[in-house]
Amino acid sequence: MALLEIRDLHLGMRSFEGEAHVLNGIHLTVERGEIWGIVGETGCGKSLTGLSISRLVSTPPGRYITGSISLEGRNLLTASEPEMQSLRGRRIGMIFQDPTTNLNPAFRVGEQIVDVALHAGGLDPSILGVGAKASRSERKKAARNLAIDMLAKVGIPKAGERIDDYPHQFSGGMRQRVLIAMALIGRPDLLIADEPTTALDVSVQAQILRLLYDLVQEHQLGVLLITHNLGVVAQICTHVAVMYAGNIIESGSVREVFKNPNHPYTTGLLASVPTAKMKRGELQGLPGSVPNLLAPPPGCRFAPRCAAVQPRCTAAIPPSVAVAAHHEVACVLAEPHASAAA
Amino acid sequence: MLTYILRRIVLIIPVLIGLSLLVFAIARLLPGDPIQLAAGPNASPAEIADLAREFGLDKPLPVQYWNYVTGLVTGDWGQSIFTRRAVAEDLKVYLPATLELVFTAMFLAILIGIPAGLTAAVYRNRWPDYMSRVVSLGAISMPRFFLGLLLQIGFAMWLGWLPLGGRFPLTEDPPAFVTGFLTIDSLISGDLRAFGITLQYLALPAFAMCLSPLATITRMMRASTIEILQQDYVLTERALGLSSRLILFKYVLRNAMSATLTVIGLYVGWLLGGTVLVETVFDWPGLGLYATKAIVTQDFMPVIGVTIVIGGIFIISNLIVDLLYGILNPKVRYE
């Protein structure tokens, strides 16, 4: 059974102007040990996909129209709120973009990690390594020791002392390490990292990615790495899903998709990555801008910006077809490849 | 931390000197002659001159001020021209009465306002929020003296549950004077009956006085809680499975308290200076009544004394607020 399986997920977002169809049929399957890069422009729905898995999208204004999200067969969209709470921090860990705003400034970092550890330990006493009948103070002590171990593991020097520091006493990179420790202390099976390095210096970015990669390898986590940095995807992801305006338009193994991009949007996205070899003025952008999701264009949502647009593009949303093993594309142009492969 | 507190306390002194200079100047430069008023319409020029000499008012103003300030430091706060009582002695009686009223009102306002603001924020745009908004808008719009009158009619005249006014019945023995706070003194002397009576007398004026800080604290608490609930770290806390109860009462509350604390500090000073209406309606023997009588008769020694005391308490309450900031927000902790 797949660790995470998202099937035909449709999410509407109500606003004063009407309901925007922000997720428009997401399909995604993540197995243990796979690192999925979710890439796309701002507003394409990649963060909402991540938040939907933990059911952290407020409803209303959000509304799940159809579809399902299953964590090892359990449908998360129909789960009760207490059930979801028991999964968060325990089965599903999350890391967000800005480490300067994601730690509570009024509390010592240790206190925040210990609370997460106590939550996870309450659901699975083996995490704290104390018996189910342990007293509150014993559990707290175990949680604190675990937190120190975890901080040391994510590379915080003198973790035993620094656990009593406040967030503002840490640098940005160190804070992100603290947040990683918090996300992983409950030994989750699935980690959702929403642009975990975007707010960091490039040199620190590399360290954090390396750390994430090692931890994922060690614990065989399934990971959704939401990013708009294709370089990051190329370096540490096993798979990639390219999103555009609420759809996954191309997905597959990183090697396949990057070497052999089928969708015109993926091609454009890869062409817009600057490299050192490029001459001045050679860098290409994608003309046009993201469609208004309150009134999306008919058929393929990328059609208005697509260089290879055809009349049939606007007829219906093109279905995903396998163009090779571990490589699916939702584009009318991809169909001939599919038949050739079959 | 300790040096910070000491430094802040030392800084109070120039503020108080400035305050005393200002009040002294205003009191003495106002038209009208307090000696003339005190001596009465039929006093002869010689009697007036005698009275002026007795109070040291025949000397030039700078000398008068100097004598006053040296008196302040040594505990001689001057004398009322009318009652001939020492201002310091009067303040010892009236200040605790007013402080008791103000603290009780603030205590009620905090006790009700913070949970009400939290509730309104959590149930934003649902009925608990609407209710708190209507109540706080009403409470802040209603003049305190008018509300006091309504309370008297309702609870004292119609229902007869609570006394109409005053601080303690003449027919009962008040607890022995220790702090001047009847609630505390009655508890010290173990006199629960006096404690109960004190609370009955406190109830209406304290309620009338607490409504406007209560409304402000509720509104402030609501606004800052809503703001904090939208912070990234609250999403992280939710995403890692912490219960909404833990998030609200531990992680959100401490952050949301900062802004509210400022309001609380300002209100303590504001209520102290504004007790006069409530004290008049409820015949409460406090600073407000004392100061009003003194102002009407241009009896300037008590006026200056009251102003300096209120100023001092205002400064101290804001110092306490500043120190509490450090506890709530470690980023502004003082080294």
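The values are calculated or read from the model by the stated rules, or taken from the named source; none is laboratory data. Quantities reported herein were computed from a predicted structural model and do not represent experimental measurements. In this analysis, Cβ positions are derived from the backbone assuming ideal geometry, glycine residues included, and neighbour counts consider all displayed protein chains. Note: areas computed on protein heavy atoms with side chains; ligands, DNA, RNA excluded. Shrake-Rupley method; radii C 1.70, N 1.55, O 1.52, S 1.80 Å.
Here are the numbers:
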quantity: Prolate/oblate/rounded call for segment B:98-227, Cα gyration tensor, a/c under 1.5 rounded; calculated: prolate
quantity: Cβ-based net charge around B:S136, under 10 Å, with every Lys or Arg adding one and every Asp or Glu removing one; calculated: +3
quantity: Cα-based equivalent ellipsoid of the protein assembly as shown: semi-axis lengths in Å, sorted from largest, via gyration tensor; calculated: 70, 26, 26
quantity: Among B:M257, A:H10, A:A324 - extreme Cα towards positive end, dipole of the protein assembly as shown, charges at beta-carbon; calculated: A:A324
quantity: Helix runs (DSSP H) in chain B reaching 27 Å along axis by Cα, Kyte-Doolittle at least -0.5; calculated: B:2-29, B:87-122, B:192-229, B:253-273, B:300-328
quantity: Ranking by accessible area, most exposed first, for A:Y64, A:Y265 with a 1.4 Å probe; calculated: A:Y64, A:Y265
quantity: Residues of type lysines that B:K92 reaches as a straight line, Cα spacing below 23 Å, ignoring anything fewer than 8 places off in the same chain; calculated: B:K293
quantity: Ranked by how many other beta carbons lie within 10 Å on average, peptides B:274-280, A:45-51, B:322-328 from highest; calculated: A:45-51, B:274-280, B:322-328
quantity: Residue-averaged [θ]222 nm for the protein assembly as shown, counting only DSSP H segments that reach four residues, each worth -39500 (n - 2.57); calculated: -16500 deg cm²/dmol
quantity: Using distinct alpha-carbon pairs, which all enter the 1/r mean, Kirkwood radius of segment A:4-242 in Å; calculated: 18.5 Å
quantity: Shape category assigned to segment A:68-192 from the gyration tensor of Cα positions, a/c cut at 1.5; calculated: oblate
quantity: Built amide H within the under 5 Å cut-off of B:G56, gap 5+; calculated: none
quantity: Carbon + sulfur, % of accessible area of the protein assembly as shown - ligands and nucleic acids excluded, 1.4 Å; calculated: 62 percent
quantity: Efficiency of FRET from Cβ geometry, A:R74 and B:E227, R₀ 35 Å, rounded to 0.05; calculated: 0.50
quantity: Size of the B/A contact, given as accessible area buried on both chains, probe 1.4 Å, in Å²; calculated: 2200 Å²
quantity: Sequence of B:E237, B:E54, A:E17 when ordered by accessible area, the most exposed leading, probe 1.4 angstrom; calculated: A:E17, B:E54, B:E237
quantity: Calculated FRET value between B:R7 and B:L246, using beta carbons and R₀ = 30 Å, to 0.05; calculated: 0.20
quantity: B:L266-B:M157 pseudo-label distance in nm [points 7 Å out on the Cα-to-Cβ vector]; calculated: 3.6 nm
quantity: Solvent-accessible surface (1.4 angstrom probe) belonging to B:Y94, in square angstrom, nearest 10; calculated: 60 Å²
quantity: Entries in A:K140/B:K250; A:K158/B:K331; A:K133/A:K158; A:K141/B:K250; B:K250/B:K331; A:K46/A:K279 that, when Cα-Cα distance is taken, lie over 27 Å; calculated: A:K133/A:K158; A:K46/A:K279
quantity: Exposure of B:T183 as accessible area (Å², to 10), given a probe of 1.4 Å and all protein chains; calculated: 30 Å²
quantity: Accessible-area value, A:C300, 1.4 Å probe, nucleic acids and ligands omitted, Å²; calculated: 20 Å²
quantity: Separation in nanometres of the label points that stand 7 Å from Cα toward Cβ, at B:T74 and B:D283; calculated: 4.0 nm
quantity: Farthest positive-ward along chain B dipole, Cα basis, beta-carbon charges - from B:T171, B:P302, B:T280; calculated: B:T280
quantity: 10 Å Cβ neighbours from other chains, averaged over peptide A:81-94; calculated: 3
quantity: Averaged over A:106-116, number of beta-carbon atoms from partner chains that fall within 10 Å; calculated: 4
quantity: Antiparallel DSSP beta bridges within the protein assembly as shown, as percent of all bridges there, nearest 5; calculated: 65 percent
